[in-house]
1. Being open to solvent by 30 Å² or more (accessible area, probe 1.4 Å) and either within 18 Å of residue 85 (Cβ to Cβ) or touching a residue at least 60 places away in the same chain (Cβ under 8 Å) (or both) is the filter here, so list the residues in region 38-60 that pass it.
2. Tell me yes or no: at least one residue of region 18-37 is open to solvent by 30 Å² or more (accessible area, probe 1.4 Å), among the aromatic types (Phe, Trp, Tyr) and either in contact with an Asp or Glu (Cβ under 7 Å, 6 or more places away or on another chain) or without any contact (Cβ under 8 Å) to a residue 40 or more places away in the chain (or both).
3. Only residues in region 61-81 that are of a type in the set (Val, Ile, Thr) count as the first member; pair them with residues that are assigned to a helix (DSSP H, G or I) and modelled with pLDDT of 75 or more, Cβ under 9 angstrom, at least 6 apart or cross-chain, and list the lot.
4. Of the residues that make up region 186-207, is at least one among the small types (Gly, Ala, Ser) and surrounded by 21 or more Cβ atoms within 10 Å (Cβ to Cβ)?
5. Looking at 74, 108, 133, which is the one that is closer than 21 Å to residue 180 by Cβ and either open to solvent by 60 Å² or more (accessible area, probe 1.4 Å) or out of contact with any helix residue (DSSP H, G or I) (no Cβ under 6 Å at 6 or more places or on another chain) (or both)?
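The values are calculated or read from the model by the stated rules, or taken from the named source; none is laboratory data. Quick caveat, the model's predicted, so the values are computed rather than measured. Heads up, the Cβs are rebuilt from the backbone with ideal geometry, glycines too, and the neighbour counts pull from every protein chain shown. With ligands, DNA and RNA removed, areas are computed over all heavy atoms of the protein, side chains included. Shrake-Rupley method; radii C 1.70, N 1.55, O 1.52, S 1.80 Å.
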Amino acid sequence: MKKKNSDKTVELTMDASFSCPFCAHDVPVAWADITLQMFDLMFSYLPELVQQQSAHLRTHPLERATLIVKYRNDPLLFKNLTSKLPEQRVLCLEHHRRSIMVEAEKNDWPPKEDIHLDTLDRRVRGLASLMDDIIEDPTHHPAGASITAAFTTMAAVGSLAYRNSTALQARMLAARPGYYGPQGARIIAQALAELYIHDPVGALGPDELGHFRPFEYVSELLCPVAVRLLVHQDMRDRRMANGAGVGDGTEDWEAVDALVRDTAEYGDILFSL
């Protein structure tokens with residue numbers, strides 16, 4: 001969660017946030033444990049005289065944050081910044097993780113205990129009939145957009161450009177499975193591979209694959225379809241649990257796409273490999 005923050009000119013308060021000097025993500029002043037670690041790490045790069053002069057301000061979160069903002073652009077900080085990269089990574093991962101968890105609670109994303117990875121294989125296999133229809137004509141279902149987009153891109157740029165490392169990295173980021181995370185992605189991909197690569201009856205043929213390799217088709221085209229169908233089911237189930245009714249489901253696909261996109265880092269945290 002990264003925000004633009006003009007902490008160079010705005011006077012900090014305990015309710016404010018400021019930019020981390022190591023990663024530029026916002027950190028609330030009130031996160032006292034984080035700001036204390038940040039203060040100690042940042043000032044370890046600066047001259048001993050500066051450390052001594054600032055030591056008496058170390059104990060209060062607001063004064064700590066104010067000094068971090070004051071010195072974060074100091075040339076000596078940049079000169080010595082690479083000397084403790086592991087410590088920086090640990091600190092930044094922790095406050096970023098915390099920010100994501102705060103965002104999850106604020107936006108009412110499904111809590112970890114409600115995300116049942118152990119049912120994903122069965123649920124994916126239960127979608128096989130609908131998936132078959134989407135494969136046959138992806139334009140007739142909102143969840144088929146990833147298939148349509150991939151075929152359009154492949155036709156426009158050709159297989160070599162489609163598979164270059166930069167394009168592949170962008171597609172992998174776009175195909176992250178929302179709050180199911182890397183563990184969920186692996187389960188979904190394995191189930192789809194069983195259905196559409198290894199099954200002698202259901203395996204995709206040249207007409208369906210086009211210029212795509214089988215595992216490429218599954219991981220880049222079918223996995224995003226399955227994820228959106230699963231998240232759509234989850235949204236329906238949550239509405240029913242809250243007594244809101246299921247509706248006809250047609251109004252939900254933009255919300256599904258937004259939820260999958262917005263919860264990608266949340267899933268990385270909950271279900272990392």
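1. 40, 44
2. No, that holds for no residue.
3. Correct list of pairs: 66/57; 68/35; 68/38; 68/39; 68/42; 68/43.
4. The answer is yes, given that some residue of region 186-207 is among the small types (Gly, Ala, Ser) and surrounded by 21 or more Cβ atoms within 10 Å (Cβ to Cβ).
5. Answer to the selection: 108.
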